[in-house]
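Below is one structure, written out as structure tokens; comments come after it.
Just so it is clear, none of the values below were taken in a lab; they were calculated from the coordinates. This structure is a prediction, so every number in the text was calculated from the model and none was measured. Methodologically, a virtual Cβ is constructed for each residue, glycine included, from the backbone with ideal geometry; neighbour enumeration extends over all protein chains shown.
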């Protein structure tokens, strides 16, 4: 026979795990200094320009 589980506890544990995951992502996204954000933005723009330069036109 299977183990008896409390569905309310299981739901709360699942929600808590999802909240921790979301918080970790937010810490990464919003925990940067302005200089780090500017550097990351410049790198994304540079990569985008390089990609656009290599496109072949029909």
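Per-structure values
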| quantity | calculated |
| --- | --- |
| Where residue 32 falls short, out of the listed (1) in a loop (DSSP other than H, G, I, E, B); (2) over 15 Å from the mean Cα position of the chain (by Cα) | (2) |
| Which numbered condition residue 11 misses (of (1) part of a loop (DSSP other than H, G, I, E, B); (2) surrounded by 10 or more Cβ atoms within 10 Å (Cβ to Cβ)) | (1) |
